[in-house]
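Worksheet for the structure shown next.
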Amino acid sequence: MHGLRCITKILTSPRASASAVGNFHLHIRLLTTFPSRMPSPPKIAKPSQESELLEDIVKQLGKPPRMRENPAFTKVDSAEFHSIFTPELEELVALFKKYDYELRIAGGAVRDILMSIKPKDVDLATTATPEQMKEMFTKEEVRMINAKGEKHGTITPRINNKENFEVTTLRIDVRTDGRHADVMFTTDWQLDANRRDLTINSMFLGFDGTVYDYFYGYDDLQKRRIVFVGDANVRIKEDYLRILRYFRFYGRIVPVADTHDAVTLAAIKANAEGLARISGERIWAELQKIVAGNFGYELVLEMYKCDLTAHCGLPAEPDLTEFKRLCSDLKHFEQPHYPILYLIGLLNSSEDAIKMHERLKLSAHERDLALFITQQRQRVDVEYVCLRDYQKLCLQPYAKRDFVEQLLKYTNKLELYNQLKAWETPNFPINGNTLKSHGLVGKIVGQVIAELRLLWTNSDFKLTADELLEKLPTILELLQKSPPGTPNKKPRSHCGNSYAPFGGIFWQNCLSKCFLNCAKNLHIDLLNDPKSMSIKTMEMLFN
């Protein structure tokens, strides 16, 4: 109701243009013309439907997948398998057995165990529906958490108030649109395996060690191959994120960098534009694992050849030479590295960093680090040469020590990096209370501290509090000659962004697309020479 009032207020405002109102009504007509593609509530497949569904789904795969006649063909009895059996898991298994519901290990835990890797998480699949699980857990007084997963068929019991388990009902993807799926619950394990993307992810593991493999995922895993279940083109169209999942699992499973199947790559390239329909958060979750994993450079190069970079928040023509250099140099430093650090090597400018953030919805730390390095990397070996230069940079209001350390990593300054890591940041001898005792209050305090800090760093951190306070009259005189703006109102740009007009704070707050466009129109190169900007130029931009 509040949203409706807000829309009404906007459309009846004197400032609302005819085109804006027309566009609004057009969007309303579009919304009422096309049905919503949010997934509908899951239904339960009847036993009589399952054989028909199996035939239909096999047809939908585009080509009949290779299928085992006997999926329960082997057993495991490894230390990795036995490592998952906590008292809580054993209690959960006994509970499902008591109520005559099948329960098996699914997904990544199966893959890890078969690769002799101890799994970090254990996901479970069951023939019980969410309602049946809720009834069972309620009756046995087992606490359930994370109710949001229920609409996807997942119930999360917390056993003995110690361990959580995600248990998902077997399901069928009846209809998909590249992002969402309408699902139906089933009791057929093969039907559930049919909906999975890769053969290595379509296996199940019983608690007696039996491996259930319907599509030769076990063989593909032993041979370290990444293969889609059925036709790659069809499986990708069901969920375009599977394109990136292919590259992620390639880096994780395959021992060499260049054994891609040509038909699979062709299917990926043909569906590249589908990634535009996937949310930035989901893309970033996959992308950071790709670049920080094995064969990061080779996989990104292959993604570039498949026309994927522009749909992943990266430049259509990324700097692959710089990225290759960076991937090689970062091996000299202690790992792991921030995934965003790798991506920065692909960016041609700070504008690319802004566009990447807009697409991928980076965290504030990732966004600011990308902007900082793309702005500062050209100054390395020019303005920043010795350790003292980087120490001073750490104390600038627009810089964080971590950002400076990452800049040294990025530019392969291993010795300087180690020296800076060992450096203990000195304490600035002046604070707000000190200036308050000298009669300074309000915004002027921050401006004076910034100027005093600059003097302190230029003295190699040697000036004492008394020596700094001796400079106070000179600083106040300079600030009065060049007032920072209206004291009671933040200056604003034409696009509504507030800014702080001094030092690095200004650049950190104002480095937005609209600001860069304004500056470009005035032929101002802010990114390469921001210090050259005068107060008068700021007034041209913001007044």
- request: Select from the range 320-373 the residues that are more than 15 Å from the chain's Cα centre (by Cα), of a type in the set (D, E, K, R) and within 22 Å of residue 401 (Cβ to Cβ) and write down the one among them that is modelled with the highest pLDDT.
  value: 329
query: Given the residues 234, 211, 300, 256, which is the only one that is in a loop (DSSP other than H, G, I, E, B) and either at pLDDT 95 or above or open to solvent by 10 Å² or more (accessible area, probe 1.4 Å) (or both)?
result: 256
- prompt: Is there any pair with a first residue in the range 386-397 that is more than 14 Å from residue 462 (Cα to Cα) and a second that is open to solvent by 40 Å² or more (accessible area, probe 1.4 Å) and among the acidic types (Asp, Glu) whose Cβ atoms are under 8 Å apart and which are 6 or more apart or on different chains, and what are they?
  reply: 389/383
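Restricting the search to the range 269-293, which residues are more than 18 Å from the chain's Cα centre (by Cα) and either surrounded by fewer than 18 Cβ atoms within 10 Å (Cβ to Cβ) or modelled with pLDDT under 95 (or both)?
Residues satisfying the conditions are 269, 270, 273.
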query: What tally of residues in the range 141-152 results from selecting those that are in contact with a helix residue (DSSP H, G or I) (Cβ under 7 Å, 6 or more places away or on another chain) and outside any helix (DSSP H, G or I)?
result: 1
task: Taking residue 122 as meeting all but one of (1) open to solvent by less than 20 Å² (accessible area, probe 1.4 Å); (2) aliphatic (A, V, I, L, M); (3) in contact with a strand residue (DSSP E or B) (Cβ under 7 Å, 6 or more places away or on another chain); (4) modelled with pLDDT of 90 or more, write down the number of the exception.
output: (1)
Residue tally, condition part of a helix (DSSP H, G or I) and either open to solvent by less than 30 Å² (accessible area, probe 1.4 Å) or in contact (Cβ under 8 Å) with a residue 24 or more places away in the chain (or both), over the range 404-418: 10
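Do the conditions hold for residue 313, that is, is it modelled with pLDDT of 95 or more and either of a type in the set (Val, Ile, Thr) or touching a Cys at 6+ places or on another chain (Cβ under 9 Å) (or both)?
In short, no.
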field: Number of positions in the range 322-379 that are closer than 24 Å to residue 390 by Cβ, open to solvent by less than 10 Å² (accessible area, probe 1.4 Å), among the aliphatic types (A, V, I, L, M) and in a helix (DSSP H, G or I)
entry: 10
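The values are calculated or read from the model by the stated rules, or taken from the named source; none is laboratory data. Everything quoted here is computed from the prediction, not taken from an experiment. Counting neighbours? That spans all protein chains shown, and the Cβs are built from the backbone with ideal geometry, glycine included. Keep in mind that these areas ignore ligands, DNA and RNA; they rest on the heavy atoms of the full protein, side chains included. Shrake-Rupley method; radii C 1.70, N 1.55, O 1.52, S 1.80 Å.
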